[in-house]
Amino acid sequence: MKDMTKFCPPSDTLAGWVEGRLSAPEQAALKLHLAGCDQCRRAVALAATLEPAAEAPLNEALLSRVVSASRRRPLWRWAAAAGVLSALAVSLWFARPRAPERVVKAPEPAGALAQRPPHQVGEPRIEVSEEPPPPSPKVAPKPEPAAPKKPEAEVAKAEEPKPVPPAEPAAPKPEPVTPPVRSAPGVTGTDLATVFASVFTVDPSGDLWIQRGEGHPSKAGAFETVNRGDMLTASAQGGAFTLEGRATVVLEKGAEASVYFFKPDKSYELSLAKGLVMVDTEGSPQNWRITRGSSTLAFSNVVGRFSVEPRGEQFSALLLEGRGELRAGAASRRAEVGREVTSDGRSGGRGETRKKGDRFAELRPKSSTVFLATFDEKETERPFAYTVPAGRPASEGSGQYLEAALPESESTSTSSPEKGTLKVAVKPEHPIGFTTGMVLRFRYRTTAPSFVLNLGEFSHVYASKSVGGRWADAEIPLAAFEREGVMMVPVVNSVPDVRFEAPWLNKNSRLDVDGVQFLRRTR
Amino acid sequence: MRGAATGAFLALLSFPASSQDSKTACQAIKRFDEEYGRPGVSPDERIKAILELSAVKHVKVAQVLAPLLTRATFPERIIIGTELGKFVGVEGVSPLLLSAYAHKSNEKERGRGVRVVLLKSLGELKSPCAVAVVDRSVEDKDVWVSKAAIDAAGKIRVKSSVDILLRALRRIEGPEGDRRVRLELFGSEVPATDVLGVADEELKKKQIQDSEKEQTSSERDVLKPALQAALESITRHTGANSKDWQEWWRQKRAKFEVPP
């Protein structure tokens, strides 16, 4: 079992604590951890409210739980009351009829920026380069199914149970809730999944490994779902990945960390075990909470790049470039580029921003996935939401793919075949903004000598290299697509859908497509 | 006396407006210079700077952007060419576009997209000074340049274009109109791939040709509707085919004036 005194335990262990399933040594170790870890204590307090309504007034029962869980940290009265109200809101929400599951949305496409009036400035910086693309990574085999997720339920903001100076603004009010219909009681690991959400990683580069629970580490595939408690490591050399198409995370050689999503704060959580970790928000404002043992530090609305690394029992954070708010200890202030801050709130000296920036550029993925459809994911677990207007799912040993079908109006009989068009189409939920250097990558198998690709109104005829019914890989720069002699241009044009069309020549004609991916070059 | 005073008053009213436009343009140009020429600026940031500057419709802005039509990247040229087509009513823009159209950096297949957007923009500006270039481009070997010129002729609407358009219509209604139009920017030959289930080489070759026919259009399919539309726009007459048009034009040509 992992050392629970220093590092946050997995969800199952916390659930075991709430359900009273842990052995005595486990309880003792976890108790020690909870005494010093606000985050786990908060999670346990929230989950522990999931039970049938007690005879006693609910607020008293909740108050006693929250207070006992925060035994070692005295609470201000108002913070306790706010915590009670929050827990009440949580318990009421859990009993509501289930809402649809959280769908991770792709970041706002860059091309969408061009839809805004030109006078708007300060658009998120988009980094591009002219470097040649890396070799096409093999799409990882279908990942182990994550712990079954409950459909999303609104979780009211959990209040920070630390003491704060009276000058601090009042705690935000809990979100309003409607009276619930209580469902069956019980606390399980899946209930904790409503507080923490898994994230997905794409575009791994360097020497990136994933250790899931107590299992053996495995090399990170092109697309992975990472749960709380799964450890990302970079051993022999540094490693990096793109986080849900929104951020780039770089682990220096020897670094270990886990990453997940904390729903109450709508923030990414980076639980730092060891080594230097750097994060770039790729131009979009994000909330990040970094923890190490009982130490916590948070970036709010950070746009830019920061690094974190251990400093004894504490750790330090350094804003390498950009801007954001930094909360460490009781203090909250604007983060200063180049100024190190430790997790206990002390300011350190000037950090090595340039050296770390250079190392980041060296290790980061050279391209980042803006959209990916492997057709293996369940509809509710797609990292990038999309629909399939044409084509039908088919499967074979390596997974699922899309098989073109003739439209019904063009379907032929084997005795008297007629001409027709085989079609496959994928439509992302949001148009994909075109940035300089972006490429379309996919796998295909076809009997046609060539087929047409359409990105919205722009087209490209692709000469097939698929031979003997075998799969082939293709990569086409978006600049190769044109409409009436004019090429697609970045920023202005966007991609609403991807359509593949091949002529139906005989009864053996086929067009299969897999692994549709849009990649953006990084600089 | 009163008339002179009124005229002076009106002149006074107009003066601040034009100087304000000029001031706005100068400020926008200054911001553009800072952003476009910034060290380390990315291609996309340069494009955004171009879009922001081109929102100010002033001849000074056109004079800053026009030189980039011959030396910026092709995506930037296409965007600039498209945006300058929106400078309707701004004097002096068409000559800048014509100059870029004739520049050797926009020649041949590589510069085709730029020539297409320049022709489209010349059509939007409806500038009579562009007629000679537009008419000449109607018979360009590249079908998309030809189509853009045909569309522009239909927008500019001058009598001299009718003869050119009728000649083009007669040409593409004949065998020349069967020529296939490739869809990709840099055309490549379709390789002879393994067409599953077909052993016969001749049949395989035929299927490759059939495949190409399915995926491409003929010049006639592309240009005939454009030619018809342009002729109708200029003359306000509808003809079924080139023979029909020739007959009508023979009767009307001598006294023809472009109707409103």
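Tell me, which residue of the range B:142-162 that is more than 12 Å from chain A (Cβ to nearest Cβ) and assigned to a loop (DSSP other than H, G, I, E, B) is surrounded by the fewest Cβ atoms within 10 Å (Cβ to Cβ)? Only one residue fits best here, namely B:Lys159.
If the condition is being of a type in the set (Gly, Ala, Ser) and at pLDDT 90 or above, then the range A:323-356 contributes A:Gly324, A:Ala335, A:Gly338. Of all residues in the range A:213-256, those being surrounded by fewer than 18 Cβ atoms within 10 Å (Cβ to Cβ) and under 17 Å from A:Asp358 (Cα atoms) number 2. Scanning the range A:480-522 for residues being farther than 14 Å from A:Thr447 by Cβ, touching a residue at least 40 places away in the same chain (Cβ under 8 Å) and of a type outside the set (D, E, K, R) gives a total of 16.
Candidates B:Ser160, B:Ser146, B:Ser137: the one that is closer than 20 Å to B:His103 by Cβ, of a type in the set (S, T, N, Q) and free of Cβ contacts under 8 Å to residues at least 40 places away in the same chain is B:Ser137. Of the set (1) surrounded by fewer than 20 Cβ atoms within 10 Å (Cβ to Cβ); (2) within 13 Å of A:Val461 (Cβ to Cβ); (3) modelled with pLDDT under 70, all apply to B:Leu183 but (1). Summed over the range A:322-372, the residues that are farther than 30 Å from A:Tyr386 by Cα, assigned to a strand (DSSP E or B) and either among the small types (Gly, Ala, Ser) or within 22 Å of the chain's Cα centre (by Cα) (or both) give a count of 11.
One line per residue, one yes/no per condition, for (1) of a type in the set (Phe, Trp, Tyr); (2) in contact (Cβ under 8 Å) with a residue 24 or more places away in the chain; (3) surrounded by fewer than 18 Cβ atoms within 10 Å (Cβ to Cβ):
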{"position": "A:Glu313", "(1), (2), (3)": "no, no, yes"}
{"position": "A:Arg327", "(1), (2), (3)": "no, yes, no"}
{"position": "A:Arg333", "(1), (2), (3)": "no, no, yes"}
{"position": "A:Thr353", "(1), (2), (3)": "no, yes, no"}
{"position": "A:Thr369", "(1), (2), (3)": "no, yes, no"}
{"position": "A:Thr374", "(1), (2), (3)": "no, yes, no"}
{"position": "A:Phe384", "(1), (2), (3)": "yes, yes, no"}
{"position": "A:Pro389", "(1), (2), (3)": "no, yes, yes"}
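This table checks each residue for (1) at negative phi; (2) at pLDDT 95 or above; (3) not aromatic (Phe, Trp, Tyr).
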{"site": "A:Ala394", "(1), (2), (3)": "yes, no, yes"}
{"site": "A:Gln400", "(1), (2), (3)": "yes, no, yes"}
{"site": "A:Ser413", "(1), (2), (3)": "yes, no, yes"}
{"site": "A:Lys419", "(1), (2), (3)": "yes, no, yes"}
{"site": "A:Val426", "(1), (2), (3)": "yes, yes, yes"}
{"site": "A:Ile432", "(1), (2), (3)": "yes, no, yes"}
{"site": "A:Gly437", "(1), (2), (3)": "no, no, yes"}
{"site": "A:Arg441", "(1), (2), (3)": "yes, no, yes"}
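The values are calculated or read from the model by the stated rules, or taken from the named source; none is laboratory data. Owing to the predicted nature of the structure, the values given are computational and were not obtained by experimental measurement. All Cβ positions, glycine included, derive from the backbone under ideal geometry; neighbour counts span all protein chains shown.
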